[in-house]
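Colleague: Quick one: the structure is below, and I'll ask about it shortly.
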């Protein structure tokens, strides 16, 4: 009898959470974000970059490593973005660089997401000594200079995408953990959480099915901002020659243009433009989502 009451109570909590999500109108929120000026521009930029990454093999005219033209040829109908000092097609390089840069940023963001959300949820839910220990550990990782640490890792173990992803991923999660922890602390004593606790829901169920859905918007905003930061760090590494020499990246392409800024302006312009559009797109989307959530929170309290 007690088990059936508990199961029915859990079902009611699940239904309540589902109704909250439905009432919040996720599709309406998406439309509201998409019609904001920042959202329109950000969504257009992100869509353009993602489409470029997916269609790179179809859009590229030649292999990005092949010597397909004369050295330092200006943009033309044959080479849309010109060629580099070795005669490699820059257009194909930028297209394939989109794949590499997005792959690195996505892998780093996923690794940081797992670490940051896990630490934040546990710290916010447990409190006390465990919260203090996890937050002190978070602060320790937060003060580590990420760029310098990646540079040292590459210098010690050699260049490679896996090393860059692992190092950046393990040093990018602290800010996300602190945001999630703050959200959990603010939510854990609200009525719907206390109701789930009162009917005997386990702590893991409360965290995963009741609290986590409410934290997802903040997580999405942080991941959008983190994506842009990782792209800039990866581009800086490639610019300094610390990237993987076997992979084409925007930073590597921009780094190769250092000695030709006056004679071959296109070598720096197009990779730099790709980096700018991508970082700006994700930042604008994150800003539009943040503005929409802020507007809704104000509207809900008035």
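No lab work stands behind these numbers, since they all come straight from the coordinates. None of these values were measured; they are calculated from a predicted model. Backbone-built Cβ (ideal geometry, glycine too); neighbour counts: all protein chains shown.
Colleague: Highest mean first, how do 71-80, 172-181, 208-217, 274-283 rank when packing is the count of other Cβ atoms within 10 Å averaged over residues?
Modeller: Descending packing order for the listed peptides: 172-181, 274-283, 208-217, 71-80.
Colleague: Can you work out the PRE-style zone for residue 50? Point 7 Å along Cα to Cβ, and I want the residues of the stretch 193-235 with backbone N under 12 Å.
Modeller: none
Colleague: If packing is taken as the average count of other Cβ atoms within 10 Å, what order do 159-167, 257-265 fall into, highest mean first?
Modeller: Going from most to least packed, we get 159-167, 257-265.
Colleague: Using the beta-carbon distance between residue 203 and residue 60 and R0 = 45 Å, what value does 1/(1 + (r/R0)^6) give for FRET efficiency, to the nearest 0.05?
Modeller: 0.30
Colleague: Evaluate E = 1/(1 + (r/R0)^6) for residue 291 and residue 142, where r is the Cβ-Cβ distance and R0 equals 30 Å; express this FRET efficiency to the nearest 0.05.
Modeller: Result of the calculation: an efficiency of 0.70.
Colleague: If R₀ is 35 angstrom, what is the calculated FRET efficiency for the pair residue 280 and residue 195, using the beta carbon separation as r and rounding to 0.05?
Modeller: 0.20
Colleague: Label points 7 Å out from Cα along the Cβ direction at residue 186 and residue 170: separation in nm?
Modeller: Modelled inter-label distance: 3.2 nm.
Colleague: I've got another one for you. Starting from the Cα of residue 78, move 7 Å in the Cα-to-Cβ direction to define the label point; list residues of the stretch 232-276 whose amide nitrogen is under 19 Å from there.
Modeller: 264-267
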